[in-house]
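First the structure, in the form of structure tokens, and then the observations on it.
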2 protein chains.
Amino acid sequence: MSEIVTAAMVVIGDEILSGRTKDRNIGHLADMMSAAGIDLKEVRIVPDDQPAIVEAVNALRARVTYVFTTGGIGPTHDDITADAVAAAFGVPCEYDAAAYKLLEDHYAARGIAFNEARKRMARMPRGAAHIGNPISVAPGFSIGNVFVMAGVPSIFQAMLDNVVPTLKTGVKLLSVSIPSPLPEGTIGGPLGEIQEAHPDTVIGSYPKYMDGKFWTELVVRSRSEAALQAAKTAIEEMLDRLLQRS
Amino acid sequence: MSEIVTAAMVVIGDEILSGRTKDRNIGHLADMMSAAGIDLKEVRIVPDDQPAIVEAVNALRARVTYVFTTGGIGPTHDDITADAVAAAFGVPCEYDAAAYKLLEDHYAARGIAFNEARKRMARMPRGAAHIGNPISVAPGFSIGNVFVMAGVPSIFQAMLDNVVPTLKTGVKLLSVSIPSPLPEGTIGGPLGEIQEAHPDTVIGSYPKYMDGKFWTELVVRSRSEAALQAAKTAIEEMLDRLLQRS
């Protein structure tokens, strides 16, 4: 039997919690994990506060295969993710020689001062590995099972594209969507029975409300194609039966 | 001195973690809390899994003034939020007589069967108070400092509109945004000094990347108008100084 591979995410930033910036990275990571057969188990959004970041990273890295963080790795005083992740692992946060050289060369080639602020972006927990940044050079990093990436969506996505091919992937969770014209209240009873009779599937029911009318999206998920199809057939038969009656 | 009022959010649903549904409630709650002067301290997204919900609710309700949950209060087998919140508080989850009557009357007036699935929506932790639902009748509920609301955005928003006027509000956090044409790497050093010199403010720096060029949105937040203006002036003078030099 294949291993189940799991993930969690820590979104770091006061600007998300204040509503000023609307997160666009959670949905992208969720889609990428689903495509890779990795179960995203939890997401936490925490402020730019070292104890909050340390707590979230340490709680989650102990219980999932991979933790992904976004935000807080830039050059300004509120970018404290590298220090916080180093503290979470109990290692020093220090200039990484390779990252320092990369940034020094990058700015020298452009005649831009490699000042103290920009040097901050070369700081990483001791022992971290780089995550390549094809957009703005300053690398993300990984340490243990934690992958630390930028919060700017285009940079986050580019970094994640570099990370995903290096991950163990799981057996892809198959899913099928069955639209139900009947509302949840009508199908809830028989749907619960179908879930009980098909324990190798997870059946989700998502109420949709449009133009004053409810309908329901039913989603069957399973790692077994046969189990998926059996539950789908049972749901379709249930819907036919109820629709004839109504 | 006014009390600081804090909040946290628990988003409940496999469909968010799988990427199938993109959350639209976090940003709305964040905006509403900012407008009310309430500090949103943390958001967690957890699956439809009772131990995960109990853990998140109990961890967060102990440390903030208010906890808001979305999702999992419908009529189907995967709607387990009422049971999970009851378990978090160590009370039974049972039919609420007033909610039962409300739903019974609602469905009777429409000639719709009040079946077992629909009756599920009248279940609440013992001692819970209703949160009115002007859209689809079935109420949310509150118990202790936890407010349990629907996941469908239109219903969540309507429920939250009923909740917010009942909350203690804090001193509104004032904020001012200062666009910087200079990138974070250039301003990071002096900006850090300004933050140190203005301890009654929180200065955020948000890199923006557009059309191959970086610029920076600087945001000063404070509960004091005077402190806000002093930090804003210092930042503007810093930007003028650097722009003259470049």
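Quick note: the coordinates plus some simple rules give every number you see, no bench work behind them. The model shown is predicted, which means the values in this text are computed figures rather than measured ones. Positions of Cβ are backbone-derived with ideal geometry, glycine not excepted, and every protein chain shown enters the neighbour counts.
What percent does the relative contact order of the range B:45-86 come to when contacts are Cα pairs within less than 8 Å and at least six residues apart?
Once divided by the residue count of the range B:45-86, the mean separation gives 45 percent.
Round to a whole angstrom and tell me the spacing of the C-alpha centers of the range A:40-94 and the range A:113-175.
Computed from Cα coordinates, the inter-centre distance equals 13 Å.
Of the candidates B:ALA122, B:ALA109, B:ALA234, which one comes out as most mobile in a Gaussian network treatment of chain B with C-alpha springs shorter than 10 Å?
Largest GNM mean-square fluctuation: B:ALA109.
Using a label point 7 Å beyond Cα on the Cα-Cβ vector, give me the inter-copy distances for A:GLU94 in nanometres, one decimal, shortest first.
Sorted ascending, the copy-to-copy spacings read 6.3 nm.
Could you work out the relative contact order of chain A? I mean the mean sequence separation of Cα pairs under 8 Å and 6+ apart, divided by the number of residues, in percent. Please report the intermediate quantities before stating the final value.
On the way: 431 pairs, mean separation 41.3, N = 246.
Once divided by the residue count of chain A, the mean separation gives 17 percent.
Please compute the contact order of the range A:105-170 in relative form: average sequence separation of alpha-carbon pairs under 8 Å and at least six residues apart, divided by the residue count, as a percent. Please report the intermediate quantities before stating the final value.
Details: 59 pairs, mean separation 14.5, N = 66.
Value for the range A:105-170: 22 percent.
In whole Hz, with x marking every Gly and Pro, tabulate ³J(HN,Hα) for the range A:162-172 from phi via Karplus 6.51 cos²θ - 1.76 cosθ + 1.60, θ = phi - 60°.
With coefficients 6.51, -1.76 and 1.60, one gets 7, 7, 3, x, 8, 8, 5, 10, x, 6, 4 Hz.
Other chains' Cβ within 10 Å of B:207-214 residues: what's the mean? Each step should come with its number before you reach the end.
Details: counts 9, 1, 7, 1, 0, 1, 0, 4.
Per residue, the average neighbour count from other chains is 3.
Rounded to the nearest 500, what is the 222 nm mean residue ellipticity of chain B from helices alone, with -39500 (n - 2.57) per DSSP H run of 4+ residues and division by all residues? Mind showing how you got there, number by number?
Numbers: 9 runs with 100 residues, N = 246.
Estimated from H runs of four or more residues: -12500 deg cm²/dmol.
Per residue and in Å³, how big is the convex hull formed by the alpha-carbon atoms of the range B:174-245?
73 Å³
Using Cβ counts within 10 Å as a stand-in for footprinting exposure, how do A:PHE147, B:PHE68 rank, fewest first?
A:PHE147, B:PHE68
Label-to-label distances across copies for B:GLU193, with labels 7 Å out along Cα→Cβ, in nm, shortest first?
The answer, with the shortest distance listed first, is 7.6 nm.
Shielding of A:186-193 by partners, i.e. mean partner chain Cβ atoms within 10 Å per residue?
Values: counts 6, 4, 13, 10, 2, 5, 7, 1.
Across the residues of A:186-193, the mean count of other-chain Cβ atoms within 10 Å is 6.
Working from the alpha-carbon coordinates of the range A:5-166, get Rg over Rh, Rh being the Kirkwood radius.
My calculation of the ratio gives 0.95.
Distances from B:PRO134 to the same residue in each other copy, label points 7 Å out along Cα→Cβ, in nm, shortest first?
Ordered by distance, the counterparts are at 4.9 nm.
Give me the one-decimal nm value for the distance between modelled label points at B:LEU243 and B:GLU3, 7 Å along each residue's Cα-to-Cβ direction.
A separation of 4.4 nm, rounded to one decimal place.
Counting only other chains, what is the mean number of Cβ atoms within 10 angstrom of the Cβ of each residue in peptide B:21-29?
For peptide B:21-29, the averaged partner shielding equals 4.
Specify the angular offset, from 0 to 90 degrees and rounded to the nearest 10, of the alpha carbon long axis of helix B:225-245 from the longest principal axis of the alpha carbons in chain B.
For B:225-245 against chain B, the angle is about 50 degrees.
With every atom except the alpha carbons ignored, what do you get for Rg and Dmax of the protein assembly as shown, in angstroms?
24.6, 79
Enumerate the lysines that B:LYS208 could reach by cross-link, defined here as Cα to Cα under 17 Å, with residues fewer than 8 away along the same chain left out.
B:LYS208 reaches A:LYS22.
Looking for one value pair here: nearest-to-axis residue in chain B (by Cβ) for the rotation onto A, and the distance in whole angstrom.
Result for the axis mapping B onto A: B:ARG44, 3.
Could you tell me which of the pairs A:LYS101/A:LYS168; A:LYS119/B:LYS232; A:LYS41/A:LYS168; B:LYS41/B:LYS172; B:LYS101/B:LYS168 are separated by over 19 angstrom between their Cα atoms in the structure shown?
Violating the 19 Å limit, Cα to Cα: A:LYS101/A:LYS168; A:LYS119/B:LYS232; B:LYS101/B:LYS168.
If neighbour count is taken as other Cβ atoms inside 10 Å, put B:THR81, A:THR65, A:THR70 in order from fewest to most.
Fewest-to-most Cβ neighbours within 10 Å comes out as A:THR65, B:THR81, A:THR70.
What would the Debye formula give as log10 I(q)/I(0) at q = 0.19, 0.22, 0.25 Å⁻¹ for the alpha-carbon point model of the range A:65-148, no solvent?
For the requested q values the scattering log ratios are -0.78, -1.04, -1.31.
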